[in-house]
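Have a look at the structure below before the remarks.
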Amino acid sequence: MESYNASNIQVLDGLEHVRKRPGMYIGSTGSEGLHHLIYEITDNSIDEALAGYCTQIDITINEDNSIEVQDNGRGIPTDIHKDLGISALEIVFTKLNAGGKFDKKSYKVSGGLHGVGASVVNALSAKCIVTSYHDGKEYAQTYNYGVPEGPVKEVGPSDKRGTKVYFKPDDKIFVETVIDFNKLSHRYRELAFLNKGLKITLHDKRTTAITNEEKSVEFLFDGGIVSFVEFLNKAKKPIHKAIYMSTDKEDLSLEIAIEYCEDYRENVFTFVNNINTIEGGTHLAGFRSALTKTINNFMVKLKLQRKDLEKLDGEDVKEGLTAVISLKIANPQFEGQTKTKLGNSDVKWIVDNIVSENLNNFFEEHPDIAKIIIQKAIIAYDARNAARKAKESIRRKNALNTMGLPGKLADCSEKNPENCEIYIVEGDSAGGSAKMGRDRKFQAILPLWGKMLNVEKTRIDKVVDNEKLQPVIAAIGANVGEDFDVSKIRYGKIIIMADADVDGSHIRTLLLTFFFRYMKPLVKNGNVYIAMPPLYKIEYTPKDKHKKEALYVYSDEEKESMLKERGINMETDTGVTIQRYKGLGEMNPDQLWETTMNPETRNIIKINLEDEYLADEMFSILMGSDVESRRDFIEKNSKYVSNLDI
């Protein structure tokens, strides 16, 4: 046995520990962790804006995927810390748990990692250069892998103010080093909405082969969260102008904007200190309680109550509702490490009281708007009752439980959902080939026929009663709509397999619309995929062989590239055949397995929900009732369409 004593105990300096265990601080060394570094630096600039000192933040992605963030805040102090004997700037970037966000004097509220963010970014960067414009002078310090090259230097006088941070994430630590412009754009647009009057620019110096142009976006919203709500509803039809309410107290600031649309879904986004609390929490509970209570009170006051309708509940009043709730609080208590659910118990009744008072006053002054909202909620109540009856009818037929799975479903023998996948296949003939070609142990096949319901234009009662959607709901096994429970899904992968043509694209879009609107956790959880069947089969005999080979390609561009790569000349070479598949049904089971279903050789696309706002807008434009918006979108984007577009 090897000896185990004090010499085996390692004591790591703070930043050494960060480099040794980066996941403890930023979650992962993949794409999420990489972008987290950028958010940590910009969060410091946002905190300056919250404190009232910063009005502009500029973020630049350089050609080598390094990042530069500059703001016009107060700049990081550079005087010598009395206890540590080094510059405050160096402390911020080299010491964990150091910063100006603990005493609540420099910053009333803040996000970020509270004294960890800047030092963690520095520790995980190959190079970091910090410049501070503070007290009429410019100061700078350079770090390599978290270690200072020297002390903070005074560069000279300057009339600027603020902080500039350049850093290059360490490719020895990160498995992904390519910055996603769209991911950053989504976050900074969100932050600009939440911080009225703050200008955020994002510039990408990387060029692409398609455009050969740099990209830039600028976000500045003087309307704040009212502009946010209007942005969320721009492809929908609001039934009234946005209602705005706000309260600013010593230790709490609350802003809420709400707007109802001619729509059937709820879009409520909640934030605490600019952090998107995607799981809600006590602020959301207080808002919903107040909204339901106030609408019920005015239903009685405006004499809209019916004999069969004693009161509306939360499900009824949220149909068609778009709302943004932005809470800024000195000491937020989040549940878990992800900061996605607020736990402060006192916030619920505070928000409830504020919303009740403000909404009551608004309805008193605008009874016409109150009546429109209440009438919409009553219609939702009637639809919900109809949906409940439809669900009960379906349950009586055993269509929503595992004892009564759809007749056309060819299930797999594996029972662990993590190891199972279901192919939702367009057409009976393709479904037949898929059933014969599949691996019966872990692959299930559900054939669909005909075009299904466009759920964007209908309510839940029509969805659960639709004969094309009932088999999908039953096969997945986790219910639908508000009752959907992603933990109960029967398959870890739900793979949409449709023809590589216009009709196939329509089927995919209809299914994706259904999943996004009525099984959204399925999409958020990464369970939805798109199969990629080949477009062409090329058969030819290589010059040095006597047996024909088959090549499968997925686009016209790939076909031309493959012919060139293999030296195939269609005009002079004999025995070359190119078959364009018109549909999945043209493939025999072996071909379908080899090209589209075999996990070792297939191509499938995972559907990720990175920008929920834009996804919501896109489904509204493409599948909604606003023909003009759809026409505009098609005219602007038709030039980008290729065979690979879904």
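The values are calculated or read from the model by the stated rules, or taken from the named source; none is laboratory data. Every value quoted in this text rests on a predicted model; they were computed, and no experiment measured them. Don't worry about glycine lacking a Cβ; one is built from the backbone with ideal geometry, like all the others, and counts go over all protein chains shown. These area figures cover heavy atoms from the full protein model, side chains too; ligands, DNA and RNA do not enter into them. Shrake-Rupley method; radii C 1.70, N 1.55, O 1.52, S 1.80 Å.
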Under the 7 Å Cα-to-Cβ spin-label approximation, residue 488 and residue 371 lie apart by a distance in nanometres of 4.2 nm
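Given R₀ = 25 Å, what would the calculated FRET efficiency be for residue 268 paired with residue 28, taking r from the Cβ atoms and rounding to 0.05?
0.35
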Considering only protein heavy atoms, what per residue accessible area in square angstrom results for the chain with a 1.4 angstrom probe?
49 Å²
What nm distance separates the two modelled labels at residue 213 and residue 297, each placed 7 Å from Cα along Cα→Cβ?
5.3 nm
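What FRET efficiency do you get for residue 468 and residue 17 if R0 is 56 Å and r is their Cβ-Cβ distance, rounded to the nearest 0.05?
Step by step, r from the Cβ atoms, then E = 0.50.
Would you mind checking 236/293; 488/524; 20/95; 389/524; 303/457; 451/488 for any pair whose Cα atoms are more than 21 angstrom apart? Intermediate results must be reported in sequence, preceding the final value.
Details: 236/293 26 Å; 488/524 15 Å; 20/95 16 Å; 389/524 29 Å; 303/457 30 Å; 451/488 27 Å.
Beyond 21 Å between Cα atoms: 236/293; 389/524; 303/457; 451/488.
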Peptide ranges 260-266, 212-218, 23-29, 513-519 listed from the most packed, as the mean C-beta count within 10 angstrom indicates
513-519, 260-266, 23-29, 212-218
For the range 209-343, what class follows from the C-alpha gyration tensor (a ≥ b ≥ c being the square roots of its eigenvalues): rounded when a/c is under 1.5, otherwise prolate if a/b is larger than b/c, else oblate?
oblate
Beta carbons within 10 angstrom, averaged per residue: use that to sort the peptides 152-160, 529-537, 603-611, highest first.
529-537, 603-611, 152-160
Treating only Lys and Arg (+1) and Asp and Glu (-1) as charged, each at its beta carbon, one finds that the chain has a dipole about its Cα centre, in Debye to the nearest 20, of 1660 debye
Environment charge at residue 165 (Cβ cut-off 13 Å; Lys +1, Arg +1, Asp -1, Glu -1):
-3
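Round to a whole number: what % of the accessible area of the chain belongs to carbon and sulfur, probe 1.4 Å?
48 percent
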Can you list residues whose amide H is under 5 Å from residue 137's amide H, if they're 5+ apart or on another chain and H is modeled 1.01 Å from N?
158
Please work out the FRET efficiency for the pair residue 160 and residue 86, using the Cβ-Cβ distance as r and a Förster radius of 25 Å; give the result to the nearest 0.05.
0.55
The chain: calculated mean residue ellipticity at 222 nm from DSSP helix runs of at least 4, using -39500 (n - 2.57)
-10500 deg cm²/dmol
Estimated inter-spin distance, residue 574 and residue 55, nm [label 7 Å along Cα→Cβ]
8.0 nm
What ranking do 564-576, 361-373, 483-495 get when scored by the average of other Cβ atoms within 10 Å per residue, highest first?
483-495, 361-373, 564-576
Rounded, prolate or oblate: which fits the chain, taking a ≥ b ≥ c as square roots of the Cα gyration tensor eigenvalues, rounded meaning a/c under 1.5, else prolate when a/b beats b/c?
oblate
